[in-house]
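Here is the structure we will look at.
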Protein chains: 2
Amino acid sequence: ADTMRRQIREMHTLTSRPFGVNLVLDFPQEERLAVCLEERVPIISFFWRDPSHLVSRAKEGGAIVMHTVGSAADARRAVDAGVDVIVAQGWEAGGHVRGSVATMPLVPAVVDAVSPVPVVAAGGIADGRGLAAALALGAAGAWIGTRFLASNEAAIHPRYRERILQANEADTIYLDNLFDIRWPNAPHRTLRNQTVQTWETTGRPASGKRPGEGEVIGTSKSVGPIVRYQSYTPGADSEGDIDAMSLWAGQSVGLVSKTQFAAEIVREIAEQADSILRQLP
Amino acid sequence: ADTMRRQIREMHTLTSRPFGVNLVLDFPQEERLAVCLEERVPIISFFWRDPSHLVSRAKEGGAIVMHTVGSAADARRAVDAGVDVIVAQGWEAGGHVRGSVATMPLVPAVVDAVSPVPVVAAGGIADGRGLAAALALGAAGAWIGTRFLASNEAAIHPRYRERILQANEADTIYLDNLFDIRWPNAPHRTLRNQTVQTWETTGRPASGKRPGEGEVIGTSKSVGPIVRYQSYTPGADSEGDIDAMSLWAGQSVGLVSKTQFAAEIVREIAEQADSILRQLP
């Protein structure tokens, strides 16, 4: 929580624009939420499980509350709980994936379910074409992850960034619980790597019975030893067998081919979407 | 082939506009292709496997050739083989599904791979929002299936149509080879039904070892007896346990809630897409 407080204060010195903190509800978040509200974080984004018990506290603390869902039914429940903005996350998203419906059919279904509550489209979006498509589907905006992993600002390991830049749209895999150490039972999408391939060629054994369970494959200054199958974002402060770690990536990874500054990525995406929507129909 | 010839001739009497015939290349199609070309079918659409050996024959016969792919690499191969129009089919599509990349990230990747060859987006599209999104992604048009299953013209069983109208976006499942009798090893998407649920609760046994293998669950005038796990589109001429059959549907099924004439569906989708693109940004 101290690290978080320091990071939030730094953010406030870097921008006067709104920013958000994402809190994953498979872990206790009461203390972090309190820090966020004390430090006037403008947007609290909840992910995974039912956020009902924290929504009113966040709103009373002055934050706008977002929640990420994978179905129209979950979206309705979130709105009933007071959530201000719904994030509709498609199955093609990278990292942890809440549902099994792809962005294209999910977003209109969620919009129909919660309109006029704003819906942000997540999953499969990496450029202005995706943003324009999201807006056409009825979304108020797009949530973009993978493209920003390739930004200069993302504090990921250079080898992970290299893998992102090289991968094409068919190089990811959706996994029910492969990288489940430290975060069990949470489906996710990563690049196919040697850990995935070995698990597949050995017949997809269940968690606890996989080749190399418990094997330390690297270390991170902030996290400590990293074991095989750990849910871990390979950080700039890590070393070891980066290629064997959980290389989170969405299917939009095929559209990501260069490293840029985050501001440049945002500008490029907005301009491309604008240009597409002006030219169509 | 005689039935097909009769149907093509009927189509020519019904319209002077272009129409297509879809040929699935997991089955011998030389004879059907010859009939199509003799009868001047304007568009030949190939699906599944490499179409290279048939493309030049179709083009020399005067047809425009389309091929459905699930990745940018497959799209490039198809264009190299002379295909005129690429159909990029996302994982959220209903019926048999060629790839595992969703429409949102697939279409731009395919467009980048084959431009200026036209790309048609398939999978997850059921209304004008989806068509507008497809165009924003760089597609030249949209391929729509599930919505037309609910049309008055679709010769499907009324109970199957009812299931389509009732289902929401989360009610489908992608299956590697569950409904594999008569068409093995071809992944597909259907509504979850009792056949799917029983197979899941019995531990997803392999083909040949599933509960009720070989059991006749219905009959069709045109096809004969229908067994459990058969790849079969429940037709208006079928009877039996329709609910237990392969109820093909894409994830856009959540956007399909009424029966309409096909012409009305086309008009409504085009008008909605047009209106969205005029209002954005």
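Taking the conditions (1) more than 7 Å from chain B (Cβ to nearest Cβ); (2) within 23 Å of A:Asp26 (Cα to Cα) in turn, A:Ala142 satisfies each one other than (2). Screening A:Thr190 with (1) in contact (Cβ under 8 Å) with a residue 40 or more places away in the chain; (2) under 18 Å from A:Tyr160 (Cβ atoms); (3) in a loop (DSSP other than H, G, I, E, B) gives one miss only, at (3).
Exactly one residue out of B:Val119, B:Val110 is under 24 Å from A:Leu135 (Cα atoms), facing chain A (nearest Cβ under 10 Å), more than 15 Å from the chain's Cα centre (by Cα) and touching a residue at least 24 places away in the same chain (Cβ under 8 Å): that is B:Val110.
Based on this model, can you work out whether A:Ala75 counts as crowded, with 24+ Cβ neighbours inside 10 Å and either in contact (Cβ under 8 Å) with a residue 40 or more places away in the chain or touching a His at 6+ places or on another chain (Cβ under 9 Å) (or both)? Yes.
In the range A:13-29, the residues that are over 16 Å from A:Phe46 (Cβ atoms) form Cβ pairs under 6 Å with partners that are assigned to a loop (DSSP other than H, G, I, E, B), at six or more places apart or across chains, as follows: A:Pro18/A:Pro42.
When the criteria are applied in full, B:Arg49 meets the requirement of being surrounded by fewer than 20 Cβ atoms within 10 Å (Cβ to Cβ), within 17 Å of the chain's Cα centre (by Cα), more than 14 Å from chain A (Cβ to nearest Cβ) and among the basic types (Lys, Arg).
Quick one: is B:Val253 free of Cβ contacts under 8 Å to residues at least 12 places away in the same chain and surrounded by 14 or more Cβ atoms within 10 Å (Cβ to Cβ)? The answer is no for B:Val253.
Among residues belonging to the range A:260-281 that are crowded, with 17+ Cβ neighbours inside 10 Å and in contact with a strand residue (DSSP E or B) (Cβ under 7 Å, 6 or more places away or on another chain), point out the one that is nearest to the other protein chains (Cβ to nearest Cβ). Here the answer is A:Ile265.
Among the residues of the range B:145-172, just one is surrounded by 24 or more Cβ atoms within 10 Å (Cβ to Cβ) and assigned to a loop (DSSP other than H, G, I, E, B), namely B:Glu169.
Of all residues in the range B:195-214, those being within 11 Å of B:Ile181 (Cβ to Cβ) and surrounded by 14 or more Cβ atoms within 10 Å (Cβ to Cβ) number 2. Of all residues assigned to the range B:230-248, at least one qualifies as being in contact with a Pro (Cβ under 6 Å, 6 or more places away or on another chain), at pLDDT 95 or above and farther than 23 Å from A:Ala72 by Cβ.
Within the range B:144-162, the only residue that satisfies the criterion of being among the aromatic types (Phe, Trp, Tyr) and under 18 Å from B:Lys221 (Cβ atoms) is B:Tyr160.
The residues in the range B:145-189 that are among the hydroxyl-bearing types (Ser, Thr, Tyr) and more than 14 Å from chain A (Cβ to nearest Cβ) can be counted, and the count is 2.
Within the range A:52-85, the set of residues being within 14 Å of chain B (Cβ to nearest Cβ) and either assigned to a loop (DSSP other than H, G, I, E, B) or on the phi > 0 side of the Ramachandran plot (or both) comprises A:Gly70, A:Ser71. Residues in the range A:252-281 that are closer than 13 Å to A:Gly128 by Cβ and β-branched (Val, Ile, Thr): 4 in all.
Looking at the range B:193-200, is at least one residue of a type in the set (Phe, Trp, Tyr) and assigned to a loop (DSSP other than H, G, I, E, B)?
no
Taken as a whole, the condition of being in the same structural domain as B:Ala58 (by TED's automatic domain parsing), part of a strand (DSSP E or B), within 22 Å of B:Ala270 (Cβ to Cβ) and among the hydrophobic types (A, V, I, L, M, F, W, C) does not apply to B:Ile125. Among the residues of the range B:134-164, those identified as under 19 Å from the mean Cα position of the chain (by Cα) and closer than 23 Å to A:Arg278 by Cα are B:Ala134, B:Ala139, B:Ala140, B:Gly141, B:Ala142.
The values are calculated or read from the model by the stated rules, or taken from the named source; none is laboratory data. Small disclaimer: the values here were computed from a predicted structure and weren't measured. Don't worry about glycine lacking a Cβ; one is built from the backbone with ideal geometry, like all the others, and counts go over all protein chains shown.
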